[in-house]
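Peer 1: Starting off with a structure, shown below.
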Amino acid sequence: MAISTLTVLILVVLFVFVAFRAFVPTSLTSELRRSFESAVIHLPELPEHVPLAFSTAIDPDFYVTPRLTSPITKYLVTLYARQEAPDRRMSPTGQIALGSAFAAEFSHDELMLWLVSKAYLGLGCFGVANASQAHFATPIQDIDLSRIALLTALSKATTHLNLERAPDLVLAERNAILKGMETMGAMGPDVIVQAISMPLQVQSPLPKCD
């Protein structure tokens, strides 16, 4: 019986994951766990549309595919290297080992929590809680769908998606994410139409995060 290309790819990914996981030191997984707990300890309970918006923008198949191969895991590896270990120069092998540690140690939900608590979202803000206050003067637990889609858009490209210099580009990207949520079946069409009809709703002038 012929083996499909997808089956071979999955087997290769599993082999790489197991091989690298065997060489990941316990000290690294403990360090990652401490960093995770520190990142999310003050994060309040999030509305369900917060993780849905981020998965739509970065990895629509996040919750149904292996964690090791997800762009969200790769994103977190990059974030960790920049924020937690800026003085360490990480080799490609080290990045794979770190990605394996992330995938083995954390569930999909934990990886998503880490992402939303640490992602850079413009204005010097890291994490959705800080960014929601800076952009909208709104606690993250009260953020609506159109606003979280805007923050998610900024997570993808804070350089050229600038609210002050290019609000139209930000609006277009926000709406693309909202339409993607509808396509995924994450939100109904009436909810999406209402969110798309909303203006950007940001403060003026925009403050910076401390």
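The values are calculated or read from the model by the stated rules, or taken from the named source; none is laboratory data. Quantities reported herein were computed from a predicted structural model and do not represent experimental measurements. All Cβ positions, even for glycine, are placed from backbone atoms using ideal geometry, and neighbour counts span all protein chains on display. Calculation scope for accessible area: heavy atoms of the full protein, side chains included, ligands and nucleic acids excluded. Shrake-Rupley method; radii C 1.70, N 1.55, O 1.52, S 1.80 Å.
Peer 1: Output the residues belonging to segment 123-139 that are outside any loop (DSSP other than H, G, I, E, B) and under 21 Å from Asp59 (Cβ atoms).
Peer 2: Phe126, Val128, Ala131
Peer 1: Quick one: in segment 7-35, which of the residues that are more than 20 Å from Pro66 (Cα to Cα) and modelled with pLDDT of 75 or more is most open to solvent (accessible area, probe 1.4 Å)? Show your work before the answer.
Peer 2: Within segment 7-35, the first condition is being more than 20 Å from Pro66 (Cα to Cα), and the residues that meet it are 25-28, 30-31, 34-35.
Okay, now just the ones that are also modelled with pLDDT of 75 or more, so 27-28, 30-31, 34-35.
Numbers: Ser27: 78, Leu28: 34, Ser30: 49, Glu31: 48, Arg34: 147, Ser35: 18 Å².
For segment 7-35, the residue satisfying everything is Arg34.
Peer 1: Here is a further query. I'd like to verify a number: residues in segment 119-148 that are in contact with a strand residue (DSSP E or B) (Cβ under 9 Å, 6 or more places away or on another chain) and open to solvent by 50 Å² or more (accessible area, probe 1.4 Å), how many?
Peer 2: The number of residues fulfilling the criteria is 2.
Peer 1: Here's a check for you: in segment 105-122, which residue that is part of a loop (DSSP other than H, G, I, E, B), among the small types (Gly, Ala, Ser) and touching a helix residue (DSSP H, G or I) at 6+ places or on another chain (Cβ under 7 Å) is nearest to Leu163 (Cα to Cα)?
Peer 2: Here the answer is Gly122.
Peer 1: Please count how many residues of segment 154-172 are more than 16 Å from Lys208 (Cα to Cα) and either over 17 Å from the mean Cα position of the chain (by Cα) or open to solvent by 30 Å² or more (accessible area, probe 1.4 Å) (or both).
Peer 2: The number of residues fulfilling the criteria is 9.
Peer 1: Looking at Glu45 and the list (1) modelled with pLDDT of 90 or more; (2) within 27 Å of Ile177 (Cα to Cα); (3) surrounded by 15 or more Cβ atoms within 10 Å (Cβ to Cβ), which single condition is not satisfied?
Peer 2: Answer for Glu45: the failing condition is (3).
Peer 1: Do you know which of the residues in segment 48-87 that are in contact (Cβ under 8 Å) with a residue 24 or more places away in the chain, assigned to a loop (DSSP other than H, G, I, E, B) and of a type outside the set (D, E, K, R) is surrounded by the most Cβ atoms within 10 Å (Cβ to Cβ)?
Peer 2: Filtering segment 48-87 for residues that are in contact (Cβ under 8 Å) with a residue 24 or more places away in the chain, assigned to a loop (DSSP other than H, G, I, E, B) and of a type outside the set (D, E, K, R), the one surrounded by the most Cβ atoms within 10 Å (Cβ to Cβ) comes out as Ser70.
Peer 1: Does segment 158-210 hold any residues that are over 13 Å from Ile148 (Cα atoms) and among the polar types (S, T, N, Q), and which are they?
Peer 2: Matches in segment 158-210: Thr158, Thr159, Asn162, Thr183, Gln194, Ser197, Gln203, Ser204.
Peer 1: A further question follows. So Leu151 ticks every box in (1) open to solvent by 10 Å² or more (accessible area, probe 1.4 Å); (2) within 11 Å of the chain's Cα centre (by Cα); (3) under 25 Å from Asp190 (Cα atoms) but one. Which box is left unticked?
Peer 2: (1)
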